[in-house]
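The values are calculated or read from the model by the stated rules, or taken from the named source; none is laboratory data. Here the structure is a predicted model, which means the values were calculated and not measured. FYI the Cβ positions are ideal-geometry reconstructions off the backbone, even for glycines, and counts take in every protein chain you see.
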Amino acid sequence: MSIKIQRSASAAPGRSEPMSVPTSHFVNGNPLQPPFPAHLEQIVLGLGCFWGAERIFWETPGVFSTATGYAGGSTPNASYQEVCSGLTGHAEVVLVVFDPNKCSLEKVLQLFWESHDPTQGMRQGNDVGTQYRSAIYTTSEEQLMAARSSLRSYQDALDDADFGSITTEIEPLAHFYYAEDYHQQYLAKNTGGYCSIDGTGVSCPQGLTTT
């Protein structure tokens, strides 16, 4: 069962101006912000600390661009410090912009499930807090249906391996707010940087159902 965030009346107010980020991706040089080419799809994923999560996807063939940010909460253009305070409701997330003809939605979701432990609730490993929760924020009805269906398929695989229930939050994307400049492609700029990403070791079923 997914965990729902309770929106606090004392939520951090945030700011009206978005974070200033580079125009191009540090690794592949593609645009970091829209507009993106019309044939590409976008999805926003939370797998815990966004540094390692972003690297997984920029290394994936068919992914055009990635960016770290915040989503799922109520504070506009939150800072990292505000998100870590727990007063924004946001999760640390990665915007994944991909070419569905080269990297299918099925592949993106498979990487998502296999790259972290979606049963841990408000944590990933030693990283504890609401910002580290597992989340999928979709940009189309097709993506929403596919994400829910893939959850059911992966839950069956986790059940067989004696894991608990998936707690991943799956919702249509309301807003994606870019994280600060220094968080973008962090592990490419800081090759010895911290990365806590670690999966369960349970593979997604072959032919993962996403419809």
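When you scan the stretch 181-189, do you find a residue that is modelled with pLDDT of 95 or more and acidic (Asp, Glu), even just one? Working first, answer last.
Narrowing the stretch 181-189 to residues modelled with pLDDT of 95 or more: 181-189.
In the following step, the residues that additionally are acidic (Asp, Glu) were identified as 181.
Checking the stretch 181-189: at least one residue is modelled with pLDDT of 95 or more and acidic (Asp, Glu).
Residue-by-condition table, conditions (1) touching a strand residue (DSSP E or B) at 6+ places or on another chain (Cβ under 8 Å); (2) over 25 Å from GLN33 (Cα atoms); (3) of a type in the set (Gly, Ala, Ser); (4) surrounded by 17 or more Cβ atoms within 10 Å (Cβ to Cβ):
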| residue | (1), (2), (3), (4) |
| --- | --- |
| GLY125 | no, yes, yes, no |
| TYR132 | yes, no, no, yes |
| MET145 | no, yes, no, no |
| SER153 | no, yes, yes, yes |
| ASP162 | no, yes, no, no |
| GLU171 | yes, no, no, no |
| GLN184 | yes, no, no, yes |
| GLY192 | no, yes, yes, no |
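Among the residues of the stretch 119-142, write down those that are of a type in the set (D, E, K, R) and in contact with a helix residue (DSSP H, G or I) (Cβ under 8 Å, 6 or more places away or on another chain). Let's see the steps before the verdict.
Of the residues in the stretch 119-142, the ones of a type in the set (D, E, K, R) are 123, 127, 133, 141-142.
Within the stretch 119-142, ARG123, GLU142 meet the criteria.
Per-residue answers, yes or no, for (1) within 23 Å of SER20 (Cα to Cα); (2) among the small types (Gly, Ala, Ser):
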residue	(1), (2)
VAL44	yes, no
PHE50	yes, no
TRP58	yes, no
THR66	yes, no
GLY89	yes, yes
GLU92	yes, no
PRO100	no, no
CYS103	no, no
GLU141	no, no
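What number of residues in the stretch 25-79 are among the small types (Gly, Ala, Ser) and under 11 Å from LEU95 (Cα atoms)?
Of all residues in the stretch 25-79, those among the small types (Gly, Ala, Ser) come to 29, 38, 46, 48, 52-53, 62, 65, 67, 69, 71-74, 78-79.
Keeping just the survivors that are under 11 Å from LEU95 (Cα atoms) gives 46, 53, 65, 67, 69, 71.
Within the stretch 25-79, residues that are among the small types (Gly, Ala, Ser) and under 11 Å from LEU95 (Cα atoms) number 6.
Scan the stretch 40-62 and report the pairs whose first residue is farther than 19 Å from CYS84 by Cβ and in a helix (DSSP H, G or I) and whose second residue is among the β-branched types (Val, Ile, Thr) and modelled with pLDDT of 95 or more, with Cβ atoms within less than 8 Å and a gap of 6+ or a chain change.
Pairs found: PHE57/VAL63; PHE57/THR66; PHE57/VAL94; PHE57/VAL96; PHE57/VAL108; TRP58/VAL27; TRP58/THR66.
Which one of GLY73, GLY69, GLY86 is in contact with a Gly (Cβ under 9 Å, 6 or more places away or on another chain), surrounded by 20 or more Cβ atoms within 10 Å (Cβ to Cβ) and in contact (Cβ under 8 Å) with a residue 12 or more places away in the chain?
On the way: GLY69 fails: in contact with a Gly (Cβ under 9 Å, 6 or more places away or on another chain); GLY86 fails: surrounded by 20 or more Cβ atoms within 10 Å (Cβ to Cβ).
Only one candidate passes the filter, namely GLY73.
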